[in-house]
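To start, the structure itself, in structure tokens.
Computed from the coordinates by the stated procedures, all read-outs in this text should not be read as laboratory data. Being a predicted model, the structure only gives us computed values, none of them experimental. FYI the Cβ positions are ideal-geometry reconstructions off the backbone, even for glycines, and counts take in every protein chain you see.
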Amino acid sequence: MLNVGNPIIDALVFIFPAYCANAVPVIFGGGRRLDGGRLFADGKPILGSNKTVRGFVSGLVVGTLVGFAMSLLNIGYSVLLGFVVSLGALSGDLGEAFVKRRLGFVPGAAFPVADQLDFVVGALVFSLIVSPPSLLVAGVVVIVTPPIHLLTNFLAYHMGVKKEPW
């Protein structure tokens, strides 16, 4: 894995496919719901209307392709790591959506901190099976992601790509 000696750069390089996997469903999502519209035992949607097959698949494909492109740059990144962190990011987001539905949040409602870190936690956990980051890199990812996430969502909202600014 890339180690330029700057923990911020190393962290951003490590998590970049996950950032892409998390962002792409906003652009390419829509269509059939992942939960098929089914309800959980509590009578609430399993995931909600914003979690779609097309969003999940597009996020996984783009995140993996970003990992592939990074592997071509010979920076110590592998296609497998790109796939795993992308799958982890998407799974983390789905896990948070499941929790939000249980707590009664409507799809798209803000859930501060969890909204900014759900995908990162998933990506970091899934990366453990392929290429775990150092504790420093993981810590930096957790610290720098919330402001980056908030800024990109705010910009996407003002560009008309997102319905909510968070």
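Numerical summary
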{"item": "Whichever residue in the stretch 22-55 is within 16 Å of the chain's Cα centre (by Cα) and over 16 Å from Gly108 (Cβ atoms) and, among such residues, is surrounded by the most Cβ atoms within 10 Å (Cβ to Cβ)", "result": "Val24"}
{"item": "Contacts under 8 angstrom Cβ, first residue in the stretch 146-166 being touching a residue at least 24 places away in the same chain (Cβ under 8 Å) and of a type in the set (Val, Ile, Thr), partner in a helix (DSSP H, G or I) and surrounded by 13 or more Cβ atoms within 10 Å (Cβ to Cβ), 6 or more apart", "result": "Ile148/Tyr19; Thr152/Ala23; Val161/Val26; Val161/Ile27"}
{"item": "Flag for Leu103 being more than 27 Å from Val140 (Cα to Cα) and out of contact with any Ser or Thr (no Cβ under 7 Å at 6 or more places or on another chain)", "result": "yes"}
{"item": "Single residue of Ser131, Ser91 found to be of a type in the set (Gly, Ala, Ser) and touching a residue at least 60 places away in the same chain (Cβ under 8 Å)", "result": "Ser131"}
{"item": "Residue match in the stretch 105-114 (condition: surrounded by 20 or more Cβ atoms within 10 Å (Cβ to Cβ), assigned to a helix (DSSP H, G or I) and either within 17 Å of the chain's Cα centre (by Cα) or of a type outside the set (Lys, Arg) (or both))", "result": "no"}
